[in-house]
Each structure stands twice: as structure tokens, then as C-alpha cells.
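Reviewing the structure listed below.
The values are calculated or read from the model by the stated rules, or taken from the named source; none is laboratory data. These numbers come from a predicted model, not from an experiment. With ideal geometry, Cβ positions are generated from the backbone for all residues, glycine too; neighbour counts draw on all protein chains shown. These area figures cover heavy atoms from the full protein model, side chains too; ligands, DNA and RNA do not enter into them. Shrake-Rupley method; radii C 1.70, N 1.55, O 1.52, S 1.80 Å.
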Amino acid sequence: MKIVLLGPPGAGKGTQAKDLSKRLALSHISTGDILREEVKNNTALGREAKAYMDKGELVPDKLVISMLQSRLTSKSANNGFILDGFPRNLPQAKALDEMLKAAGIDIDNVFYLEASEPVIVQRLSGRRVCTKCGAIFHVQNMPPKTENICDKCGAKLYQRSDDHEETIKNRLHVYLKETAALIDYYKKQDKLHYVDADREADFVIKDILKIAKGS
Ligand code: AP5
């Protein structure tokens, strides 16, 4: 199964993708997570990407597309994948179609997680992420059992450097300018499913699973 999760920042793409990848045994490919790992390891790609990420701008397509290509063709993606945060604009969507065509595969479903602006701002400002395993929490909505400690691996939680008011505003602006056009792109391919992502995570995943499993 090949799935794309679309939606504004904070809609819950990462939260849903982590859960879906376990339930459906699919590889979770998050370009945001990969880029943050590159930044953490201070690689050349990470150093170049950081300036864009801190401002809430998109990292140039050339860098992101080649980074994604190596993940898509890796062995761990053989059983299928969930793309979270890619594609982000039309050139990336077209590049993805070409990569998949060359590999003789296709996307099955694109889920558009719709979330309203007040919900997005509340979610992003309270998000906390595990420094080690990347598990996602929220200080109010999904609090860890012990403050600032990951339930899953016991490491410390941190607040993402782009989860601050000004950067959140710009990420939303970039989303509307660049990414929202993908809704029509996938509608035309008859792959798009709207999911109301303002609701609790359990309701959201139920809708996705129902469609993904075709029941
Ligand atoms: P990326 O990491 O992809 O960030 P994003 O798209 O802005 O999305 P987020 O990770 O902020 O939100 P999410 O929808 O995953 O929400 P989450 O599940 O965490 O990208 C970051 C940056 O990297 C970009 O700005 C760009 O610079 C660069 N980049 C990445 N991909 C790129 C690409 N393809 N091209 C170019 N540049 C790229 O949930 C948010 C919070 O809400 C959490 O605290 C969670 O606990 C909580 N929550 C989730 N669901 C629910 C729910 N249903 N109810 C209550 N709380 C919930």
C-alpha cells in the first residue's frame, strides 16, 4: 500500500503516519524528520536546510527530491510506504509521479487532513517531540506520563525550533501558497480523500483505515 498524507502544519500527519505505519506495516517516510536528523548530525545537507526550516520556508526541491528518491528505493519501502510532508508543491508531486512510474508502482490513496487555524496553532504551540525516538506529544492534548520525558524510550522531549509564533504563521502562509494546490492535483487523479482532522486522533485514524482497507 502506498499512501500520501497531505495537510497543513499541525494537522496531525506525523501522529497519524506513525500509528498507521505500525498498524499496516508500512515504511513511514517523513521528509521533515529526515531533514531534522540531517540538521542534528550537522551534515552538509542539514546545514543548508536549517536556514530554510528555521524561517518556515521550503527547502529547495533539488535537495529534497534526491533525498526522497534514495528512501523510496530503499529495501525498507518494499512493502509500501506512507509519505508525510512530501510532496509539498507541484514540481515535487510531478517528480514523485515520475519516480514511481520508473519503479512500476503508483500511489493508492492520498488523505487530506483538514484542520482549522485555531486548532493548528494550539497543536503546534504545545507540541513536544522525543529527542531520541521522535515520538510526538502535546502538553495538553497528548501529554507524556512524566513531564518532558518520552513514554516510549525515556529520553527528554524538546520543542521544535519552528514551533514558534512567527514561524508557524509563515509555515501556514507557505502551505497555502505552495501545498494547497496539490489538493486539485490529486483530485484529478481520483486519489484524494478528505478527512476531518480537527477531531481526536482515534476518530481520524478510523476514517483513514476504513478507506485504506477498502471497507
Ligand atoms: P514537517 O516536519 O513536514 O512539518 P509540517 O508539514 O509543517 O507538519 P508538522 O510536522 O508541523 O505537523 P503534523 O501535521 O505532522 O502534526 P503532528 O502530528 O506533529 O516540515 C518541517 C520543515 O521541513 C518545513 O517547514 C520545511 O522547511 C522542511 N520540509 C519538510 N518537508 C519538505 C519538503 N517536502 N520540501 C521542502 N521542505 C520540506 O501534530 C502536531 C501536534 O498536535 C502534536 O503535538 C500532536 O500531539 C498533536 N495532535 C496531532 N493530532 C491530534 C489530534 N487529532 N487531536 C489533538 N492533538 C493532536
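Quick look at the numbers
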| read-out | value |
| --- | --- |
| Residue within the stretch 78-92 that is open to solvent by 20 Å² or more (accessible area, probe 1.4 Å), free of Cβ contacts under 8 Å to residues at least 12 places away in the same chain and near the ligand (Cβ under 7 Å from one of its atoms) present | no |
| VAL204 touching a residue at least 12 places away in the same chain (Cβ under 8 Å), within 11 Å of the ligand (Cβ to nearest atom) and assigned to a helix (DSSP H, G or I) | yes |
| Selection within the stretch 160-175 - out of contact with any Ser or Thr (no Cβ under 9 Å at 6 or more places or on another chain) and either among the small types (Gly, Ala, Ser) or under 20 Å from ASN89 (Cα atoms) (or both) | ASP162, LYS169, ASN170, ARG171, LEU172, HIS173, VAL174, TYR175 |
| Residues located in the stretch 107-134, provided they are free of Cβ contacts under 8 Å to residues at least 24 places away in the same chain and within 29 Å of LEU96 (Cα to Cα) | CYS133 |
| Qualifying residues in the stretch 152-162 (those that are open to solvent by 70 Å² or more (accessible area, probe 1.4 Å) and touching a strand residue (DSSP E or B) at 6+ places or on another chain (Cβ under 9 Å)) - the one nearest to ASP202 (Cα to Cα) | LYS152 |
| Single match in ILE105, ILE149, ILE120, ILE136 (criterion: open to solvent by 10 Å² or more (accessible area, probe 1.4 Å) and within 15 Å of PRO9 (Cβ to Cβ)) | ILE136 |
| Filter pass, LYS169 being open to solvent by 20 Å² or more (accessible area, probe 1.4 Å) and either within 28 Å of GLN69 (Cβ to Cβ) or modelled with pLDDT of 95 or more (or both) | no |
| Residue ID - most open to solvent (accessible area, probe 1.4 Å), chosen from residues in the stretch 177-201 that are without any contact (Cβ under 8 Å) to a residue 24 or more places away in the chain and in a helix (DSSP H, G or I) | LYS188 |
| Some residue of the stretch 17-30 being among the hydroxyl-bearing types (Ser, Thr, Tyr), near the ligand (Cβ under 8 Å from one of its atoms) and open to solvent by less than 40 Å² (accessible area, probe 1.4 Å) | yes |
| Residue within the stretch 52-64 that is open to solvent by less than 10 Å² (accessible area, probe 1.4 Å), touching a residue at least 12 places away in the same chain (Cβ under 8 Å), under 25 Å from VAL174 (Cα atoms) and more than 7 Å from the ligand (Cβ to nearest atom) present | no |
| Among (1) over 23 Å from LEU192 (Cα atoms); (2) open to solvent by 70 Å² or more (accessible area, probe 1.4 Å) - the single one LEU35 does not satisfy | (2) |
